[in-house]
1. Could you derive backbone 3J(HN,Hα) for the stretch 168-181 from the dihedral phi with the Karplus parameters 6.51, -1.76 and 1.60 (θ = phi - 60°), listing whole Hz in sequence and x where the residue is Gly or Pro?
2. Taking a ≥ b ≥ c as the square roots of the eigenvalues of the Cα gyration tensor of the stretch 103-189, is the shape rounded (a/c under 1.5), prolate (a/b larger than b/c) or oblate?
3. Set the Förster radius R0 to 41 Å, insert the Cβ-Cβ distance between residue 239 and residue 146 as r into 1/(1 + (r/R0)^6), and round the FRET efficiency to 0.05.
4. Within 13 Å, Cβ to Cβ, of residue 108, how many net charges do the neighbouring residues add up to if Lys/Arg are +1 and Asp/Glu are -1?
5. Quick one: net charge of residue 62's neighbours, Cβ under 15 Å, K/R +1, D/E -1?
6. For residue 234, what charge total do you get from the other residues with a beta carbon under 12 Å from its beta carbon, if Lys and Arg give +1 and Asp and Glu give -1?
7. Please give the contour-minus-distance gain from residue 90 to residue 247: 0.36 nm per residue of separation, less the Cα-Cα distance, rounded to one decimal in nm.
8. Can you work out ³J(HN,Hα) from phi for every residue in the stretch 90-99, in order, using Karplus 6.51 cos²θ - 1.76 cosθ + 1.60 and θ = phi - 60°, giving whole Hz and x for Gly and Pro?
Amino acid sequence: MRIDRIFARLDREPEPPRLEIPRMSRHRVALLGATLAFYLAIVVAVLTTSWLVELDWKVMLFRPYQQWPQLHAFLDYFVVLGQRGPTAVMVMAWLGWRSWRQHTLRPLLTLGAALLLLNVTVGAVKLGLGRLGPHYATQIGSAELFAGGDIFPSGHTANAVVTWGILAYLATTPTARRWLSVGSASLALGVGATTVYLGTHWLSDVLLGWAAGLLILLGLPWCEPLIGRTETAVLAFRARLRERGRVRGTTTPSPVPVPVAVGSALSPAGDPRSAGTAGEDPVLEPAGAAGHSPAPRGSSHLTAPHLTAPHTTAAYPTATQSPRPHTPRSERTPGTPVVSRRPSHAERTPRGSQARPVPGAPS
């Protein structure tokens, strides 16, 4: 397949698919209750320094990173898939593209709601219990609680469950949801086990991190009404901004200049071509009429009509119109004569005024 066909398919806007919003079914509620019971059991086991804390110390003293050192370089990079910053950017880029293609903000808003719940719930338990990590433990066999730490539950593990599990939660087909669920669960298990291998978390930290992330994914349907109202409000705000931009972008058209006929009341004062009173039709005066200044030497005796009056209907009466009586110049309103391009000369005599010599007369 050629590259242009691929881009043509990408540029084609599909119709928004029907997004099936998960609901709190009985199966989901039962799974949520079992996960919550598991979560509380781990917290109680750590608080009472039970056999789980003893298992934590055994795994830590086993030092897996020393048993399999060849895996250390790879797992140092693999654990990044549980860090909140890089994973959030990768998943947000994919969900942003989906939001643009499907014309909906639900994927991005769901991710934002899940990350907000993750930060609030996991962060509150971390700060409240204050457990120290394996590298900072002070007493063998102790739970290391309320010592100012922030290691319980594992943030890497919970973030991996939520960030990658949200892809399965937002899947549009059952097949895609099934495969994404398996992939995200495997990735979250791998990230949690990697933190135990590197010695940065206790085993109980990872168990509680898995339970914390799963609780958020199972409880997301309760947030769907709020997500829907938020999407509606954001889209309405965007529509108002676009409408405001259109109103600001419209410009008032400039007025069209209206031509003024010669001799009308709107003609400038002092124009010798204006006829005496307003409301009368202008009259075109023929060139060479009495009272007109003579044409300069070298010019033609015929004056073009466009030099004496503009092309108006009133200036050129048709056959159906009756000619107006000619108004003598003496009765017109005095005005400033039209200045000729050639300066006036006082000693110049008009053509035709000089007497012709009589044949036979003495010169």
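1. Calculated HN-Hα couplings, in order: 5, 5, 9, 4, 9, 10, x, 5, 5, 5, 5, 5, 5, 5 Hz.
2. Because a/c hits 1.5 or more and a/b fails to exceed b/c, the stretch 103-189 counts as oblate.
3. For R0 = 41 Å, the calculated efficiency reads 0.20.
4. Residues close to residue 108 contribute a combined charge of +2.
5. Taking every other residue near residue 62 into account, the sum is 0.
6. My count for the surroundings of residue 234 gives +3.
7. 52.7 nm
8. For the stretch 90-99, the Karplus curve yields 5, 5, 5, 4, 5, 5, x, 5, 5, 4 Hz.
Every number in this text was worked out from the coordinates using simple rules, so none of it is lab data. All figures in this text were calculated on a predicted structure; none of them were measured in a lab. So basically every Cβ, Gly included, is an ideal-geometry build from the backbone, and we count neighbours across all protein chains shown.
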